[in-house]
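Just so it is clear, none of the values below were taken in a lab; they were calculated from the coordinates. Just so it is clear, the structure is predicted and the values come from calculations on it, not from any experiment. Every residue, glycine as well, gets a Cβ built from its backbone with ideal geometry; the counts of neighbours run over all protein chains shown.
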Amino acid sequence: MADLGSIDGFTDQVDALESALEGAGTMVSSFGAELRQMQASMADLGTDVNLVSRGISSGLRKAFDGLVFDGMKLSDALKTVAESMINATYNAAVKPVTDHIGGLLGSLVGSAIGGIGAFENGAAFS
């Protein structure tokens, strides 16, 4: 027959292992959530980089066209490139802020319109 003391010790070890595995599961779940947030941030970063890249590319195109077809001076062409870089960077930096404010205003207007809709169904005025 098995010794009852060793069975109790084994049961305690199994309980401790279960507790440790529950903690590990929680940690893995948290880590997965952080990875999903990071993935979303990287996708947003890729979008921002594409926006800046398109802006700079457009400025380079204007400068090149100005040099080749319009007889633009090199200094003016370089100013065009610098301005396009500044504008592209500014637009990429401001876009998240304006998107957020636009979302807030949109939800505010949506709430106001939803509140007005209650009065058409006979809601009381206070």
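Out of all the residues in the range 52-82, which are basic (Lys, Arg) and over 33 Å from the mean Cα position of the chain (by Cα)? Across the range 52-82, the qualifying residue is only Lys73.
Scan the range 53-70 for residues that are among the β-branched types (Val, Ile, Thr) and assigned to a loop (DSSP other than H, G, I, E, B) and jot them down. Listed by number, the list is empty, since nothing qualifies. Taking the criterion of being surrounded by 15 or more Cβ atoms within 10 Å (Cβ to Cβ) and under 22 Å from the mean Cα position of the chain (by Cα), the residues of the range 83-94 that qualify are Asn87, Ala88, Thr89, Asn91, Ala92.
Of the residues screened, Ser41 is one that is part of a helix (DSSP H, G or I), of a type outside the set (Phe, Trp, Tyr) and surrounded by 10 or more Cβ atoms within 10 Å (Cβ to Cβ).
In the range 65-76, the residues that are free of Cβ contacts under 8 Å to residues at least 60 places away in the same chain and surrounded by 10 or more Cβ atoms within 10 Å (Cβ to Cβ) reach residues that are charged (D, E, K, R) and outside any loop (DSSP other than H, G, I, E, B) with C-beta atoms within less than 9 angstrom, at least six apart or across chains, in these pairs: Gly66/Asp76; Leu67/Asp76; Met72/Asp65.
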